[in-house]
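I have placed the structure first, in the form of structure tokens, so that the comments after it can refer back to it.
The values are calculated or read from the model by the stated rules, or taken from the named source; none is laboratory data. Model, not experiment: these values are computed from the prediction. Backbone-built Cβ (ideal geometry, glycine too); neighbour counts: all protein chains shown. Side chains are part of the model used for accessible areas, which takes the heavy atoms of the whole protein and leaves out ligands, DNA and RNA. Shrake-Rupley method; radii C 1.70, N 1.55, O 1.52, S 1.80 Å.
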Amino acid sequence: MMTTEPFSLKLRAIMERYRPDFYANPFIQAMQEGQINEQALLAYVQQDHRYLDSYLPLYEEVFHKVTGQPASAVTKQDPKEYEAHQILLDLAGTSDASLQTGDYETLPTTRAYLDQLTAAAAEDDFVGLVALAACPFDYGYLADYLIRDGLIKPDNPFITWVGYYRGVEQSFTDQLLTVINRLAPMVANEVQDRALAEFERSTQYENAFFAQVMEETYA
């Protein structure tokens, strides 16, 4: 019997192509070296908070459309990643979580990334879901390899933060990939191709998202 490889393997292939680019990212490089840049960490937390405020409702909407159930029904993970943000705030020397809810600018890359995800979701539910998948998938994949490749060692101050995201087998990501793999054979090849193109664009934005906080810090 002929079997079709899971669609998620194509997502892995895309992320594998971009792994060197992530490794060369100034934010990731500083993290590898254990350098704590308080300004950059605070900017990252703020931008991620702003991003998740828009990402999560969009994800919930698309997930419900394609599955008929709320995303919260299949995962118990903290969707707003408060624990992960607190790790970085602690490294930056502040416990003031209210910094995230203050009046600060949404940086251009954050806005462009959210616009891309919104457009992908408006184009097609499957395309949108795959574009949205890059966020948890790329983090899990990158965190896993940063530790596997010895770039984040046990004594690195960022080990707890990286470990928080490690692995695409986490419940949120694994459940999402299960849905994508189930739906992929039901959509046309052209739609699959569009989904992969948008996943790649999301992956590029993920890398740029890290870089922008370093650019903001040294502007």
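Below are the figures for this structure:
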{"read-out": "Computed over the chain, Cα set: Rg, Dmax in Å", "value": "17.2, 58"}
{"read-out": "The stretch 163-219, dipole about Cα centre (Lys/Arg Cβ +1, Asp/Glu Cβ -1), debye to the nearest 20", "value": "180 debye"}
{"read-out": "Net dipole in debye of the stretch 40-141 [+1 Lys, Arg Cβ; -1 Asp, Glu Cβ; about Cα centre; nearest 20]", "value": "120 debye"}
{"read-out": "Estimated dipole of the chain in Debye, rounded to 20 [Cβ of Lys and Arg +1, of Asp and Glu -1, Cα centre]", "value": "520 debye"}
{"read-out": "Angle between the chain longest axis and helix 171-183 axis [Cα atoms, degrees, rounded to 10]", "value": "30 degrees"}
{"read-out": "Farthest positive-ward along the chain dipole, Cα basis, beta-carbon charges - from L89, F199, L9", "value": "L9"}
{"read-out": "Solvent-accessible area per residue, Å², over the stretch 7-218 with all protein chains present [probe radius 1.4 Å]", "value": "44 Å²"}
{"read-out": "Sulfur and carbon atoms: percent of accessible area, the chain [1.4 Å]", "value": "52 percent"}
{"read-out": "Degrees separating the helix 8-23 axis from the principal Cα axis of the chain, which is the longest one", "value": "20 degrees"}
{"read-out": "Relative contact order computed over the chain (Cα-Cα under 8 Å; 6+ residues apart), in percent", "value": "34 percent"}
{"read-out": "Nearest-ten-degree value, helix 82-91 long axis tilted from longest Cα axis of the chain", "value": "30 degrees"}
{"read-out": "Ellipticity estimate at 222 nm from DSSP helix runs (n ≥ 4, -39,500 (n - 2.57)) divided over the chain, nearest 500", "value": "-23000 deg cm²/dmol"}
